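The values are calculated or read from the model by the stated rules, or taken from the named source; none is laboratory data. Predicted model, so just to flag it, every value in this text is computed and none were measured. Ideal geometry is used to build each Cβ from the backbone, glycine not excepted, and the neighbour counts take in all protein chains shown.
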Amino acid sequence: MWTNEVQSPASNVTRNDILYLIRVGKASYQVERPGPDVEMNAGERISCRVEKGYMFIRDGRGQVNKAQIVEAGRLQNQH
């Protein structure tokens, strides 16, 4: 799901940036929207890789879009 998030003033992400939460295994990433024409849906499975502060997301046509990682963390164990 796309959301508008309020970031701290120290962050280089502004209030109007569209962010997306992506889970990869036990890690979670909050990334900036990879581009104006990129549309992802909640629950959708994507093909991606993480490298040097960016997530590279492959779309259904094989195109790769680069998204800056704003925040990364580990998911807590849920019992």
(message) Here's a check for you: in region 48-73, which residue that is at pLDDT below 90 and not in a strand (DSSP E or B) is surrounded by the most Cβ atoms within 10 Å (Cβ to Cβ)?
(response) ASP59
(request) Answer yes or no: is there a residue in region 1-19 that is aromatic (Phe, Trp, Tyr) and modelled with pLDDT under 85. (result) yes
(request) Among the residues of region 17-47, write down those that are touching a residue at least 40 places away in the same chain (Cβ under 8 Å), exposed (fewer than 12 other Cβ atoms within 10 Å of the Cβ) and part of a strand (DSSP E or B). (result) ARG23
